[in-house]
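Rule-based calculations on the coordinates, nothing more; no lab input. It should be emphasised that the depicted structure is a prediction, and the values quoted were computed from it without experimental measurement. For neighbour counting, all protein chains shown are included, and Cβ atoms are generated from backbone atoms with ideal geometry for every residue, glycine included.
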Amino acid sequence: MSYWPHVIAALVGAGLTVQVGMNATVRLAIGSPVLAAIVNFVIGLAALAVVAVASGARWTPGSAAAVPAWAWLGGLLGAAYVAATMVVGPRLGAAALLALTLTGQMVAGLLVDHYGVIGFPQSPLTPARLIGAALLVAGVLLIMRR
């Protein structure tokens, strides 16, 4: 079994914590979470364009038409995440912010898996998965105690 997907997921998760601090710093300097989010996405778009060109990625004609309309809204969720974390991150602190966002992700993940929607395979909600989510919520409560 290859553990690279697990390592990459953990590194990307750690990067989200660092990203929140970086984005909050940009927001404070610029004075607007919306403008700071635009800066974030412009820089991210430029980086992805370089990677796409370097990797030889090509847009297949007609492929955009095959994407379901609801799937295009993923960019809105990303923008909402970036803008919201810039505002609430400095108020909550890094650990509480990431614990709460992870809790939201876990609850959504359990529901999405249970019903097998939006491109994920169906994986029923089991007592063990519910216990795991409850332990995560308990961990969030402990992290948020001051």
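Structure notes:
- Top of Ala57, Ala133, Ala36 by mean-square fluctuation, Gaussian network on the chain, Cα under 10 Å: Ala57
- The chain, helix-only ellipticity at 222 nm - DSSP H runs n ≥ 4, -39,500 (n - 2.57), divided by all residues, nearest 500: -26000 deg cm²/dmol
- Residues of the chain were split at every exposed loop site, defined as chymotrypsin sites (Phe, Trp or Tyr not before Pro) in a DSSP loop with at most 10 other C-beta atoms within 10 angstrom, and the longest piece left, sites excluded, is 60-146.
- Answer label for Rg and Dmax of the Cα atoms in Å (calculated), chosen among [x] 19.3, 70; [y] 15.7, 52; [z] 18.0, 55: [z]
- Of all the options Ala46, Ala54, Ala95, the one that moves most in a Gaussian network model of the chain with Cα springs shorter than 10 angstrom is Ala54.
- The simple spin-label model puts a point 7 Å past each Cα toward its Cβ; for Ser63 and Ala108 those points are separated by 2.4 nm.
- Under a Gaussian network description of the chain, with springs only between Cα atoms under 10 Å, the residue in Leu97, Leu77, Leu136 that fluctuates furthest is Leu77.
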